[in-house]
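Please read the structure below before turning to the comments.
The values are calculated or read from the model by the stated rules, or taken from the named source; none is laboratory data. Note that the structure is a prediction, hence the values are computed from the model and not measured. No Cβ is skipped: glycine too gets one built from the backbone with ideal geometry, and neighbour counts run over all protein chains shown.
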């Protein structure tokens, strides 16, 4: 069991990270299975007194995934008093998930700052469990195991935020190969939104963003109808990411 | 000087509220002038241990504005370690803005949860200063007084968020009279965005939201060209507010 030097930590403040993984048209989420019980948790943790919250979120994810360049976005801070659940914390001690001396720290009122990330999950070689967990796995967002405290709510809010942000932010860089077809980009959107989209409307809308460059090459060199390959124009992509897509006012 | 019973408060956690006021096509923000020095602050405060963060934000604003029904939206949590500034806190003691016994509490590392609100500011009869301030006033966002710590940054992030959300959220309910003309609605958008908009594009875009109902009455009963009066369809407005406007996927 790792040491927990609470003198170094910011009281009352935690972070939770919702890491969505996209691979072969499936949306999954990275979860930790707690030791000794059938209960799962979002990766995250506490905030050291001399560390920015964004840095702490990156550090937590690097520990779990080995990736040091994950794009993380703060999406909401959860501050309901119902998040503090003494019975739950006692149960964690009873089941030896945490040692008894950690109980006072765990049993504080915590507010938690939520971050989300979206990664091509084949990049994550072997997710690494943390000090109170025994496994770290990709789970389907449509078939979640039991989650501790309000972690399912945090996950739902992250997914809803991601869906809404598809209206305002570009997506796909680092998730798709450098060159991709419009149907492949559409699959990414459909996976996140959880629904089928109209092919022609989708094409018209993504082309209007002005972030795609046609390479004039096709997926195969043979078939006449093979779809054209596109790339993101990185400068326009970054600009759209900062300013928002629908700056139509 | 009010009492500060820190036993009742959540360590490390603060809230800051950016209250935008709209009135006669001007965008202002509600600020508190600290006692004894030329330094201003956003309304906000600390979080009681047994109070949800959203409730605490509402309470803080009710104390300052007298309004108990302000629509507040959490927009970002500020957690840089540079927010803690011991020199600044010593200065607050030196200038007798806060009593010396409050110094240890003020000098913690705080993360601050930012909320914003948009109100018709003529509804606020007489803004009320707090325990460490001597005035509470509406200041123009384009001509701000000196603000403490990172409050100007918090304000800027709130304004940028509001501009972006005009792409995704309806706006105007409780800010405009029940019946309004499209040019009046356009003025509200122009004030927030800080720029002029094309009349025809604006009309086309807001009509596409499906939240406006034409009353078939005109601003005046006389002139033939007087603009038509519209109302929000409240059910559609609320739905668009929850689901986002551009659900065009």
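Would you check which residues across segment A:56-94 are under 19 Å from residue A:40 (Cα atoms), in contact with a strand residue (DSSP E or B) (Cβ under 9 Å, 6 or more places away or on another chain) and touching a residue at least 60 places away in the same chain (Cβ under 8 Å) and list them?
Within segment A:56-94, A:63, A:64, A:65, A:78, A:83 meet the criteria.
Here's a check for you: in segment A:70-86, which residue that is modelled with pLDDT of 95 or more and under 14 Å from the mean Cα position of the chain (by Cα) is farthest from residue A:155 (Cα to Cα)?
A:74
Please find, within segment A:191-203, the residue that is surrounded by the fewest Cβ atoms within 10 Å (Cβ to Cβ) out of those that are more than 9 Å from chain B (Cβ to nearest Cβ) and either under 11 Å from residue A:166 (Cβ atoms) or in contact with a strand residue (DSSP E or B) (Cβ under 9 Å, 6 or more places away or on another chain) (or both).
Per the stated criteria, the residue is A:194.
Determine whether residue A:238 is at pLDDT 90 or above and within 24 Å of the chain's Cα centre (by Cα).
no
Looking at this structure, is residue B:137 away from chain A (no Cβ under 14 Å) and touching a residue at least 12 places away in the same chain (Cβ under 8 Å)?
When the stated conditions are applied, residue B:137 passes them.
Out of segment A:108-118, which residues are under 22 Å from residue A:75 (Cβ atoms) and either part of a loop (DSSP other than H, G, I, E, B) or out of contact with any strand residue (DSSP E or B) (no Cβ under 6 Å at 6 or more places or on another chain) (or both)?
Matches in segment A:108-118: A:109, A:110.
Take residue B:4 and decide whether it is touching a residue at least 60 places away in the same chain (Cβ under 8 Å), surrounded by fewer than 24 Cβ atoms within 10 Å (Cβ to Cβ) and either within 14 Å of another protein chain (Cβ to nearest Cβ) or not in a strand (DSSP E or B) (or both).
Considered against the rule, which asks whether it is touching a residue at least 60 places away in the same chain (Cβ under 8 Å), surrounded by fewer than 24 Cβ atoms within 10 Å (Cβ to Cβ) and either within 14 Å of another protein chain (Cβ to nearest Cβ) or not in a strand (DSSP E or B) (or both), residue B:4 comes out as yes.
Take residue A:50 and tell me if it is in contact with a helix residue (DSSP H, G or I) (Cβ under 9 Å, 6 or more places away or on another chain), more than 14 Å from residue A:113 (Cα to Cα) and within 14 Å of chain B (Cβ to nearest Cβ).
Answer is yes for this residue.
When you look at residue A:168, is it outside any helix (DSSP H, G or I) and within 18 Å of residue B:243 (Cβ to Cβ), yes or no?
Criteria met by residue A:168.
Select, from B:67, B:63, the only residue that is in a loop (DSSP other than H, G, I, E, B), away from chain A (no Cβ under 14 Å) and at pLDDT below 95.
Matching residue, one of B:67, B:63: B:67.
Using the structure shown, decide if residue A:51 is buried (at least 16 other Cβ atoms within 10 Å of the Cβ) and in a strand (DSSP E or B).
no
Can you tell me which of (1) part of a helix (DSSP H, G or I); (2) crowded, with 18+ Cβ neighbours inside 10 Å is the one residue A:30 doesn't meet?
Every condition holds for residue A:30 apart from (1).
Can you name the condition, by its number, that residue B:196 falls short on among (1) out of contact with any helix residue (DSSP H, G or I) (no Cβ under 7 Å at 6 or more places or on another chain); (2) in a loop (DSSP other than H, G, I, E, B)?
(1)
Quick check on my filter: what residues within segment B:199-214 are under 14 Å from residue B:232 (Cα atoms) and in contact with a helix residue (DSSP H, G or I) (Cβ under 8 Å, 6 or more places away or on another chain)?
Listed by number, the residues that qualify are B:206, B:209, B:210, B:211, B:212.
Inspect all residues belonging to segment A:9-21 and state whether any of them is surrounded by fewer than 18 Cβ atoms within 10 Å (Cβ to Cβ), closer than 30 Å to residue A:169 by Cβ, in the same structural domain as residue A:153 (by TED's automatic domain parsing) and modelled with pLDDT under 95.
For segment A:9-21, residues surrounded by fewer than 18 Cβ atoms within 10 Å (Cβ to Cβ), closer than 30 Å to residue A:169 by Cβ, in the same structural domain as residue A:153 (by TED's automatic domain parsing) and modelled with pLDDT under 95: absent.
Using the structure shown, decide if residue A:161 is outside any loop (DSSP other than H, G, I, E, B), within 13 Å of another protein chain (Cβ to nearest Cβ) and in contact (Cβ under 8 Å) with a residue 24 or more places away in the chain.
yes
Condition check: within 14 Å of chain B (Cβ to nearest Cβ) and either over 26 Å from the mean Cα position of the chain (by Cα) or surrounded by 13 or more Cβ atoms within 10 Å (Cβ to Cβ) (or both). Does residue A:206 satisfy that?
Against the criterion (within 14 Å of chain B (Cβ to nearest Cβ) and either over 26 Å from the mean Cα position of the chain (by Cα) or surrounded by 13 or more Cβ atoms within 10 Å (Cβ to Cβ) (or both)), residue A:206 qualifies.
With the requirement that a residue be in contact with a helix residue (DSSP H, G or I) (Cβ under 6 Å, 6 or more places away or on another chain) and under 30 Å from residue A:9 (Cα atoms), what does segment B:111-146 give you?
B:113, B:114, B:115, B:116
I'd like to check something: does segment A:171-189 contain any residue that is within 14 Å of another protein chain (Cβ to nearest Cβ), assigned to a loop (DSSP other than H, G, I, E, B), surrounded by 15 or more Cβ atoms within 10 Å (Cβ to Cβ) and at pLDDT below 85?
Among the residues of segment A:171-189, not one is within 14 Å of another protein chain (Cβ to nearest Cβ), assigned to a loop (DSSP other than H, G, I, E, B), surrounded by 15 or more Cβ atoms within 10 Å (Cβ to Cβ) and at pLDDT below 85, which makes the answer no.
Could you list all residues from segment B:86-107 that are under 30 Å from residue A:112 (Cβ atoms) and either away from chain A (no Cβ under 14 Å) or assigned to a strand (DSSP E or B) (or both)?
B:88, B:89, B:92, B:98, B:102, B:103, B:106
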